[in-house]
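This report refers to the structure that appears directly beneath it.
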Amino acid sequence: MGAPRRMAEDAPSRALPCQLTQVQRGRAGVKRRLRPIFWIETCLAALTGLLCVITPFWPDWIEAISGWDPDQHDGSVEWMIAAGLLVVTILIGAVAMSEWRRATATA
């Protein structure tokens, strides 16, 4: 008596992560086809969110990276950029969520 054989649905997928993700719900697996645009949107939302979170702790990060100082270390431009980054993060996150839901609906 050897080890039990694995069933076909238990076998690992040979698809790329951006093509197929398996989410377990109870005992039945649900397959979602995620397009590469989902991963791009998710990464952009994470990056803009990170920059927005960095701003309260390091308000001069824009000047450190670019050398551009439009407000002479006042910080007001950085806060406006951080507010814009927050809006962009929310919008890109919403678009990524709609892509996730689209993949769920077609699964």
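Of everything in segment 65-93 that's among the aliphatic types (A, V, I, L, M), surrounded by 14 or more Cβ atoms within 10 Å (Cβ to Cβ) and over 19 Å from Glu41 (Cα atoms), which residue is modelled with the lowest pLDDT?
Step by step, filter segment 65-93, then rank; the result is Val77.
So which residues in segment 23-52 are modelled with pLDDT under 65 and out of contact with any Asp or Glu (no Cβ under 9 Å at 6 or more places or on another chain)?
Listed by number, the residues that qualify are Val23, Gln24, Arg25, Gly26, Arg27, Ala28, Val30, Lys31.
With the structure loaded, tell me whether Ala96 is surrounded by 15 or more Cβ atoms within 10 Å (Cβ to Cβ) and under 30 Å from Arg33 (Cα atoms) or whether it fails that test.
On the way: surrounded by 15 or more Cβ atoms within 10 Å (Cβ to Cβ): yes; under 30 Å from Arg33 (Cα atoms): yes.
For Ala96, the condition - surrounded by 15 or more Cβ atoms within 10 Å (Cβ to Cβ) and under 30 Å from Arg33 (Cα atoms) - is met.
Which residues, counting only those in segment 40-64, are surrounded by 13 or more Cβ atoms within 10 Å (Cβ to Cβ) and hydrophobic (A, V, I, L, M, F, W, C)?
Those that are surrounded by 13 or more Cβ atoms within 10 Å (Cβ to Cβ) and hydrophobic (A, V, I, L, M, F, W, C): Ile40, Leu44, Ala45, Ala46, Leu47, Leu51, Cys52, Val53, Ile54, Trp61, Ile62.
Among the residues of segment 53-64, is any modelled with pLDDT under 90, polar (S, T, N, Q) and either in contact with a strand residue (DSSP E or B) (Cβ under 7 Å, 6 or more places away or on another chain) or assigned to a helix (DSSP H, G or I) (or both)?
yes
When the residues of segment 71-86 are narrowed to those that are outside any helix (DSSP H, G or I) and not small (Gly, Ala, Ser), which ends up farthest from the chain's Cα centre (by Cα)? Before you say what the answer is, go through the steps one by one.
Going residue by residue through segment 71-86, those that are outside any helix (DSSP H, G or I) are 71-75.
Okay, now just the ones that are also not small (Gly, Ala, Ser), so 71-74.
Numbers: Asp71: 32, Gln72: 34, His73: 32, Asp74: 32 Å.
Applying the filter and picking the extreme gives Gln72.
The values are calculated or read from the model by the stated rules, or taken from the named source; none is laboratory data. Quantities reported herein were computed from a predicted structural model and do not represent experimental measurements. Reconstructed Cβ throughout: ideal geometry from the backbone, glycine too, with neighbour counts over all protein chains shown.
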